[in-house]
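Reading through the structure tokens given below for one structure.
Rule-based calculations on the coordinates, nothing more; no lab input. Quick caveat, the model's predicted, so the values are computed rather than measured. Don't worry about glycine lacking a Cβ; one is built from the backbone with ideal geometry, like all the others, and counts go over all protein chains shown.
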Amino acid sequence: MKQIIEIGVQTRKVEPARCKTDLLVVGRFSDGEPDEVVRVLDRWLGGRIDRLAKLGDFKGKAKTHALVYGEGKIGAERVLLVGLGERKKATLDTLRRAAALAAGRAVDLKLPGVALALHHAFGADPEAAAQGRAMAEGAYLGSYRYDEFVTASENGRRGALDVQIVDPDAARIRSLAPGVAAGVIIGRAQAEARTLANRPANVIDPPALARTAREMLRGLPTVRCTVFDEKKLRTSRMGGILAVGSGSRSKPRLILLKYTPRRRPARGLPTVALVGKAVTFDSGGISIKPAQDMDQMKFDKTGGIAVLAAIKALAELELPIDVLGLIPAAENLPSGSSYRPGDIVTTYSGKTVEILNTDAEGRMILCDALAYAARQKREVIIDIATLTGACMVALGAYKAGLMSNDDELAAQLQTAADASGESVWRLPTGDEYAEEMKSKIADLKNCGSRWGGACTAASFLQQFVGTAKWAHLDIAGMDVLLKPTEYGCVGGTGFGVRLLTTYLMNLVDRKSSDV
Ligand code: BES
Ligand code: MN
Ligand code: ZN
């Protein structure tokens, strides 16, 4: 898939003050002294940066920035000062967001290139590779724009941005570089995920998503892509996916992505399945949703797209771990052939489900894919889905819900969330919630009471994973940005790509280091 803005990220050994660039970017914390790079620049610029601080125009507060012109005194035409907030509150995401803000400013200023010297403010903590990765990811996120269907292109936006991470120290460049390389892969995968998510339902229906998956993974011999069409879904008795897809002329699919690394996985690494909900449009079906904001239901495929992009990233990273990606895809529409409230659906597991609300469709497609993963004896199963409005009510659009039957897995995902900046918060599942999902005329019903909707939905899913270690990520509300932020334009976020990739990278790192 073609990038909307071609981004290149490289490291370059150069003294920041001498670096020839349209925009040199440095960071400053709101407390403590500015770092050496900022001090040197300020000296060359005759105290301009210091004056900004003294006049109170720029003090390094989080989410602030200021522009200073080089006027021939330094290599750069402009210096962008980015506020990093308080030192003790800083995380890797502070650096990622700062790089994102800088890349976004470079796009808005229509500049061909930007040089990042943001990491100097952080010193040796966190380690250089992690800093390089955060800056590269940030560059992709912040420069992301979605205008592939805008035919009037009078905005004059450039088609490419050259990002350099600059440092005078050769040893530091060497330690930044592997992180930058990983960050490029992950950043690019997430940008692709955003574009797929942003494409509307008349452009991406389930068959088109399956074709796009194949196309995206072509050229990666370690990933095998298999697609179950409607016929194969029927012979496989995947009643949940078929029921949800029955109302649309676009037929449902199950997309299977099997990644087998060239290097043999370290002993003790689990086999993993990633399962992502891909409802290409969720009208609610016969239990139709209100008109207000229904257009946003094109983002109901975000979980599935996160799985697709994560599989691509880990194949490009050549991570030595076995991962199966499962993407059940369906369009939830009302019509004469739709499934109905009152229907009893026999799912792939053999369990029967009484449908009380056709808008609780996510769990109906996920339960088939989860049972399939369990039958494939996957030891760890992680699903990711824009599943419930209730999760948004509980956590807002700041954190995804995390439910799990295994504390270690939950802790690993929490760690990956903290490092990737894709936040999660653990919510409960268990018997009380599962009790609510029992039906009198079938094994289960697809909808519980008014209360605890995120937890009852998770407890429904939990019943399809057998003995696997399982975690569920409810990403409702995390799928879309309603206002532009430093992470780019409104629309799809590609949420989950960094979280899932980081989780898998950490698993591999931990295993290869404990011998
Ligand atoms: N895709 C929606 C959940 C959603 C809502 C995601 C808002 C993003 C923003 C899901 O399929 C749904 O409709 N869930 C219902 C479940 C209910 C009928 C039990 C909900 O949350 O209202
Ligand atoms: Mn729904
Ligand atoms: Zn949905």
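Some notes on this structure:
- Computed Kirkwood radius, in angstrom, where 1/r is averaged over Cα pairs of the range 199-514: 19.2 Å
- Full-extension gain in nm, Lys20 to Val40, via 0.36 nm per residue minus C-alpha separation: 5.6 nm
- Footprinting exposure proxy for Leu326, Leu444 (fewest neighbouring C-beta atoms within 10 Å first): Leu444, Leu326
- Take 14-22, 356-364, 472-480, 135-143 and order them by the average number of nearby Cβ atoms within 10 Å per residue, most first; the result is 135-143, 472-480, 356-364, 14-22.
- Where both bridge residues fall in the range 6-183, DSSP classifies roughly 20% of the beta bridges as antiparallel.
- Straight-line reach from Lys63: taking Cα to Cα under 29 Å and skipping same-chain neighbours fewer than 8 places apart, the lysines in range are Lys13, Lys20, Lys54, Lys73, Lys88, Lys89, Lys110, Lys399, Lys483.
- Within straight-line cross-link reach of Lys2, aspartates and glutamates at Cα separation under 12 Å, skipping those fewer than 8 residues along the same chain: Glu148, Glu192, Glu215
- Global geometry of the range 63-150, whether rounded, prolate or oblate, following the gyration tensor of its Cα atoms and the 1.5 cut on a/c: oblate
- Three-way shape label, the range 280-396, alpha-carbon gyration tensor, a/c 1.5: oblate
- Shape category assigned to the range 388-490 from the gyration tensor of Cα positions, a/c cut at 1.5: oblate
- A straight Cα-to-Cα reach below 22 Å connects Lys377 with the lysines Lys232, Lys258, Lys277, Lys351, Lys469, Lys511, residues fewer than 8 places away in its own chain not being considered.
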